[in-house]
Amino acid sequence: MSAPHTLFEVEDDRDRDAPKPTPATLFADIVFDRPLDHAYTYAVPDHLVTKIGVGKRVEVPFGKGGKGTAGFCVRVTDVAPTSGYELKTVTRVLDDDAIVDDHVMKLTRWMADYYLCGWGQVLHAVVPAGVRDNAGTRVASFVEPIPKEKLPNPLPTVTPQQKAALDKLKKENRPLEVLQLARLAKCTTGVVAGLIKKGLVRKFAERIETPAAAPGHESEDDTPGEPLKEIALNADQLRVWGQLKGALETGGYHPFLLHGVTGSGKTEVYLRAIEEVVKQGKEVIVLVPEISLTPQTISRFKGRCGNLAVLHSHLTDAERGGYWRRVATGHIQVVVGARSAVFAPTRKLGLIVIDEEHENSFKQESTPRYHARDVAVMRARLEGIPILMGSATPSLESWANAERGNYTILRMPNRVESRPLPTVKLIDLRHEPKLPGKHYAIGPTLEGAMRQTLKDKGQIILLLNRRGFSTHVHCEACGHVAQCAHCDLAMTFHRTKNSLMCHYCGFETAPFQKCPACAQPSMRYQGLGTEKLQVEIEEKFPGNVCQRMDSDTMSKPGSHQRVLDAFRDGLIQILVGTQMIAKGLDFPNVTLVGVVNADVGLHLPDFRSAERTFQLLAQVAGRAGRGERGGHVLVQTFTPDHPCITLASHHNYAEFAKLELVHRKLHKYPPFERMARLIVRSEKEDAASAFADVLATAFKEAMKRSANAQGQSPVRLLGPAECPVFRLNNFYRFHFQVQSDSSAVLHEVLRNVLALAKPPSGVEFQVDIDPYSML
């Protein structure tokens, strides 16, 4: 088969000197988990003609050595390719049934084109390992009686035990496993083997679920559902539901953006929509950020949604494979999960819901580097169904789509039961009184508010989006900074583990007693993380229980649930944590939320830093005042005049979006122009730098081709330059930033560059379309 250009140098899979195989009448296009932008055509032998099919995996010889390699079948045709190559033959079909249906096949083809990666890479990422490996299943031997018309004549004689076993099998009126029949008939398997040999029963093999993956077996998410209770919708909810219900009844592609303040009752709208679609006999996919998959969230969905699958990171391969098969066979009506749930193999999808659609965790940072929200919108378009995206702080991309009329915006500006939004007070740390002696993270104003809250029997949530004890370790004598041995990043001291850690690559080392550079005993452990904050709280507020929630304390399955249950029951008075406490928590007794340092992340070299800061502050502020007692928020900051902090304190998302979009348009950033980021990396700095220069030359050539009559290219190129974090995990990194107001032109230029520039051995490069990480 003639093939277009490839993204990287690949082995030629055609062997001109191979002997001619038996002429085939059927041909299959196969893609592999490789960075290739085309399929390979194989001949299908006669004995596999009835087994081959699109969406199934096959094993074929691949590469010069003809090594057996698994790939996905993406097309079957009876038209022979016209190339002069002799075709190799499919060795075997690995799946009895297609594991990717036509809808997801089209979706993955679009992803491969849009995110500039191999179709096989996308399919490999979409299908869970538990499905590919048949985890949670086993091949069992079954027996069933031979039909009367096919029994041997004359009938053979049988022993009393054989007769008892045969009678038992007939009485069950269904196939039984050999061992199961032997147990029920109280005989050995040899007795059953005798019946098979005499032609009275038929033996066959079938793959079945093991107990670990069978329906009803769940790990952490065996959370009981909330009891059903009638909830009367308020005026905002009724208005929004009226618009949604019409679209759900008529069907068709219709994207909605639900902008509702925290506590406005968005979840109830989701649940009404889900119930309506399930009533129609259709299925629903609900995407939520991983950190929002709390037992509280799961409980609300389980109480209202019937057969529910909850997909989270703590599932085993067997459990994940079991859920996939149950969804594919129609036993699950609602799939709730993080970004990969967008690929659930539903049979009749009727709606996609995305909660907290602005969340960065919906973007995958490995190939394929997709954004689950954008993939979900495309899946809804391809399948002709509505999609509902909700957030109190929508991404500016979605907000711009709503302003352009691409999405229908639904507004819920008020909290349920007419509760007011919490008052937010900014504490200017530049002018906050400094107490003599030790420096404290909690200033006098915040400390006073905490004491009053505890006195009034309220609960407190404190946000500090930085984990560890000391985030900056340096020598006072020579200025040496404790830095990771593998990355250009400072190490963080974790007192509980008594170690210095790199939060990127995981490198650990013992804390320094003396400076490794000058040998002086002058190391200072400074900076603030959640671990140190917890110690300070326990010193200042003895007698009150303080619990920390970050990735250090929440790594074990069930730990998240245990802490939140204790907080809900009033056993914990102060909850300290990183961003995982900012979303999805609903505790009526929380009357004070404190932000210890609002400036963390604000001054990073990332055009989205202000947007992320606004979203985090608005989301964590929304944890306060959800009960009758009301609540307030105190935000400590050194930059109280920054628009994102000022407007977050006024709960004014619309004004923030307006100002930030002006800034984005001025500098030609998304959502006004499309962007791609290319990263070149190598363990040798010179090699990475040299190939970055090769890519730069390729970009110049590609941009010449895209130039208009005046010689101006519609593509803007920045780079190559060292990445803000130059060395990560022993790799030196250079990056390019490419922008254009035309997605088509941007992709054309990138494809031309990828065709012109081939990385040498020891050098890698990554292409990230619509990047979210700029470091």
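Close contacts from the range 368-390, counting a first residue that is on the phi > 0 side of the Ramachandran plot and a second that is outside any helix (DSSP H, G or I) and surrounded by fewer than 24 Cβ atoms within 10 Å (Cβ to Cβ), with Cβ to Cβ under 6 Å and a gap of 6+ residues or different chains, come to G384/G252; G384/Y253.
Of all residues in the range 292-319, those being open to solvent by less than 50 Å² (accessible area, probe 1.4 Å) and in a helix (DSSP H, G or I) number 10. The single residue among F614, F567 that is aromatic (F, W, Y), under 29 Å from L489 (Cα atoms) and surrounded by 21 or more Cβ atoms within 10 Å (Cβ to Cβ) turns out to be F614.
Per the conditions (1) more than 30 Å from P588 (Cα to Cα); (2) among the acidic types (D, E); (3) open to solvent by less than 20 Å² (accessible area, probe 1.4 Å), the sole criterion not satisfied by E508 is (3). Please determine whether any residue of the range 328-338 is closer than 19 Å to H371 by Cβ, open to solvent by 10 Å² or more (accessible area, probe 1.4 Å) and either assigned to a helix (DSSP H, G or I) or at pLDDT 90 or above (or both). Yes - at least one qualifying residue is present in the range 328-338.
Note on the range 679-689: residues that are touching a residue at least 24 places away in the same chain (Cβ under 8 Å) and either basic (K, R) or assigned to a helix (DSSP H, G or I) (or both) amount to 6. Whether any residue in the range 703-723 is within 19 Å of L116 (Cα to Cα), touching a strand residue (DSSP E or B) at 6+ places or on another chain (Cβ under 7 Å) and either touching a residue at least 60 places away in the same chain (Cβ under 8 Å) or part of a loop (DSSP other than H, G, I, E, B) (or both) is what I want to check. Yes, because at least one residue in the range 703-723 is within 19 Å of L116 (Cα to Cα), touching a strand residue (DSSP E or B) at 6+ places or on another chain (Cβ under 7 Å) and either touching a residue at least 60 places away in the same chain (Cβ under 8 Å) or part of a loop (DSSP other than H, G, I, E, B) (or both). Identify all residues within the range 556-581 that are aliphatic (A, V, I, L, M) and either assigned to a helix (DSSP H, G or I) or in contact with a Leu (Cβ under 6 Å, 6 or more places away or on another chain) (or both); write none if there are none. Residues satisfying the conditions are V563, L564, A566, V576, M580, I581. Residues that are open to solvent by less than 50 Å² (accessible area, probe 1.4 Å) and assigned to a helix (DSSP H, G or I) are absent from the range 61-77.
Please go through the range 78-97 and give me each residue that is surrounded by 14 or more Cβ atoms within 10 Å (Cβ to Cβ) and closer than 21 Å to R320 by Cα, ordered by number. Within the range 78-97, L94, D95 qualify.
Within the range 235-260, the residues that satisfy the criterion of being open to solvent by 30 Å² or more (accessible area, probe 1.4 Å) and of a type in the set (A, V, I, L, M, F, W, C) are A235, L238, W241. Exactly one residue among V143, V100 is open to solvent by less than 40 Å² (accessible area, probe 1.4 Å) and either part of a loop (DSSP other than H, G, I, E, B) or under 22 Å from R381 (Cβ atoms) (or both), and that residue is V100. One residue stands out among those in the range 419-434 that are in contact (Cβ under 8 Å) with a residue 40 or more places away in the chain and open to solvent by 90 Å² or more (accessible area, probe 1.4 Å): the one that is farthest from G246 (Cα to Cα), which is R430.
For the range 395-432, filtered to residues that are part of a strand (DSSP E or B) and more than 30 Å from the chain's Cα centre (by Cα), the residue that is farthest from N234 (Cα to Cα) is D428.
The values are calculated or read from the model by the stated rules, or taken from the named source; none is laboratory data. Everything numeric in this text was worked out from a predicted model, so none of it was measured. Cβ: placed from backbone, ideal geometry, glycine included. Neighbour counts: every protein chain shown. The accessibility values were calculated without ligands, DNA or RNA, using every heavy atom of the protein model including side chains. Shrake-Rupley method; radii C 1.70, N 1.55, O 1.52, S 1.80 Å.
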